[in-house]
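**Q** Here you go, one structure.
The values are calculated or read from the model by the stated rules, or taken from the named source; none is laboratory data. Since the model is a prediction, treat every value here as computed from it, not as a measurement. Counting neighbours? That spans all protein chains shown, and the Cβs are built from the backbone with ideal geometry, glycine included. Each accessible area value is taken on the protein alone, full model and side chains, heavy atoms only, with ligands, DNA and RNA left out. Shrake-Rupley method; radii C 1.70, N 1.55, O 1.52, S 1.80 Å.
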Amino acid sequence: MATMANDTLVPLITPRVNSEEDDELHSPIVRPSNTDIQQIHGVKDLVREFSAESKKLWYLATPAIFTSVCQYSIGAVTQVFAGHVGTVQLAAVSVENSIIAGFAFGVMLGMGSALETLCGQAFGAKQLEMLGIYMQRSWIILITTSLLLVFPYIFAAPLLRFIGQTADISKWAGTFAVWMIPQLFAYALNFPIQKFLQAQSKIMAMAAIAAVALVGHTFFCWLLMLKLGWGLVGAAVVLNGSWWFLVMAKLIYIFSGTCGQAWSGFSIEAFQNLWNFVKLSFASAIMLCLEIWYFMALILVAGYLKNAEVAVDAISICMIILGWTVMVAIGFNAAISVRVSNELGAGHPRSAKFSVIVASMTSLLCGIFLSVILLVCRSWYPPFFSKDEQVQQLVYELTPILALTMVVSTLQPTLSGVAIGAGWQAYVAYVNIACYYLFGIPVGLVLGFLLDIGVRGIWYGMLVGVTVQTGVLIMMVFRTNWNKEASLAGDRIKQWGGDSEAKENGENLIN
């Protein structure tokens, strides 16, 4: 990563020099899409460029947010219906989704996120034929990884019991985990497909598929879990079916020829250079897993508190709300990852830098807006998730800290998207270990158990860790040499293959 060096770029924003030459140079002419952003002089130029970048950002972010919310809601809807089946059933589904499936989700999403760097930069450098090969390499690696991750699913009950979950929760969650093994292999195919399509900005198709999946999932959850009384069996059937529908629908879209040169069929090249691909995938997995598991640990630790079922249920409901907010942020994560990787791959460091500024400001404002809405609805939403009055009261009490967490949690994924787009995964992994696990969790344990603040204390510690990590990412982005990042993107493109013309383009540095 090219940080800690003084940025050699001319500042993005400088005072306007009043001259005829300046007026001609900075007239409101639309910048060609194949050129880097020019120096900004004054408010008029800033507004023009900010507006242009915002359009690009929202073009990617809107369907990406919708897709993320729909995919996340598939699991959240299942938990909502489980809450109406019973308290133990809700806790079981929440623990399985958060700990067992959450572990696998983090690994699969993280390893699949290597494609955001490689596909995004290759697309920016016009190496379209490499995108399909990258996706196939990722499939090989993720399917192999899934075979290893089957064991935590099979032995989920004793594992949960070993880490301190109650006997009833462990039993129900363990049974549900075995039924959810098909979802694991859907993860392995889905995330590389998702990153492959995102790199090409083909997000509207994913949004439409996700919408159909969510509507169908909601109906069949109601039918099987409540109307027909299948309970957790119905939840497993519908949840597995919905994720495999997502995979098959996207594959049909790709195989139908809509991706042009990006998909030319299966290739033996997918088995070449696998080790280097594994290393980048592993770094991506560690980076994202450390973030996902950090919040997952909140539910795990809640299982050690008094009245564990109520604590776990309340935390799970808050996590559902926070998860929807994070899905909005993940939309910005995907959008800024595409913008940064595309611009760096095309050799446009100034555009990459400006897109980071716009995305960060936009996501932060969205977080503030959503947190205000949550506070206004503080007394309305808990009964929607649970009929238990103790659970409702605890959720009500946790809402203010939840709202504060939402603000930080909208900016943080955007900055993580910058890291993915630039290929900084390994560096951010170290930051996550220090901020989350050496600082945030110990503070939460001290507040929650030693000072006897309970769930709130644990959450305060978690929030402190996220805030510190976000601050570190801001400093990393601020000190980045974007010229050097564009150069590294060109080197990365040459390393991963492609035609000679693209390699030559990748070597061109911005003066």
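**Q** Would you mind giving the average projected area, over all directions, of the Cα convex hull of region 154-204 in nm² with one decimal?
**A** Value for region 154-204: 4.9 nm².
**Q** On the first, second and third principal axes, largest extent first, how far apart are the outermost C-alpha atoms of region 101-249 in Å?
**A** 55, 35, 19
**Q** I'd like the Kirkwood hydrodynamic radius of region 181-263, using the inverse of the mean 1/r over distinct C-alpha pairs, in Å.
**A** Roughly 13.7 Å, rounded to one decimal.
**Q** How large is ³J(HN,Hα), in whole Hz, for each residue of region 336-344 in order, when computed from phi with the Karplus curve 6.51 cos²θ - 1.76 cosθ + 1.60 and θ = phi - 60°, using x for Gly and Pro?
**A** 6, 4, 5, 4, 5, 5, 5, 5, 5
**Q** At 1.4 Å probe size, what's the solvent-accessible area of residue 35? Round to the nearest 10 Å².
**A** Estimated to the nearest 10 Å², residue 35 gives 50 Å².
**Q** Do any chymotrypsin sites (Phe, Trp or Tyr not before Pro) in region 349-419 lie in a DSSP loop with no more than 15 other beta carbon atoms within 10 Å, and if so, which?
**A** Taking region 349-419 and a limit of 15 other Cβ atoms within 10 Å, the loop chymotrypsin sites (Phe, Trp or Tyr not before Pro) found are 380.
**Q** Pairs of Cα atoms under 8 Å, at least six residues apart: use those to get the relative contact order of the chain, whole percent.
**A** Worked out over the chain, it gives 25 percent.
**Q** How large is log10 of I(q)/I(0) for region 374-437 at q = 0.12, 0.17, 0.19 Å⁻¹ when the intensity is taken from the Debye formula with one equal scatterer per alpha-carbon?
**A** -0.50, -0.72, -0.77
**Q** Rolling a 1.4 angstrom probe over the protein heavy atoms, how many square angstrom per residue are accessible across region 330-411?
**A** I get 37 Å² per residue for region 330-411.
**Q** Let me ask something else. Starting from region 195-273, pick out the chymotrypsin sites (Phe, Trp or Tyr not before Pro) whose DSSP state is loop and whose Cβ has at most 11 other Cβ atoms within 10 Å.
**A** Those satisfying the criteria are 266.
**Q** A further question follows. Cα centroid distance between region 424-488 and region 54-108, in Å?
**A** Cα centroid to Cα centroid, the span is 23 Å.
**Q** When every alpha-carbon pair in region 162-302 is counted, what percent end up more than 28 Å apart?
**A** Value for region 162-302 (Cα pairs over 28 Å): 36 percent.
**Q** By the scheme Lys and Arg +1, Asp and Glu -1, what is the net charge of all other residues having a beta-carbon under 12 Å from that of residue 400?
**A** My count for the surroundings of residue 400 gives +1.
**Q** Run through every distinct alpha carbon pair of region 314-441 and return the Kirkwood hydrodynamic radius in angstroms, one decimal place.
**A** 16.0
**Q** How large is the convex hull of the Cα atoms of region 243-388 per residue, expressed in Å³ as a whole number?
**A** 195
**Q** In Å and on Cα atoms, what radius of gyration and Dmax does the chain show?
**A** When restricted to Cα atoms, the chain yields Rg and Dmax of 23.2, 79 Å.
**Q** Tell me the carbon and sulfur percent of the accessible area for the chain, rounded to whole percent, probe radius 1.4 Å.
**A** Roughly 69 percent, rounded to a whole number.
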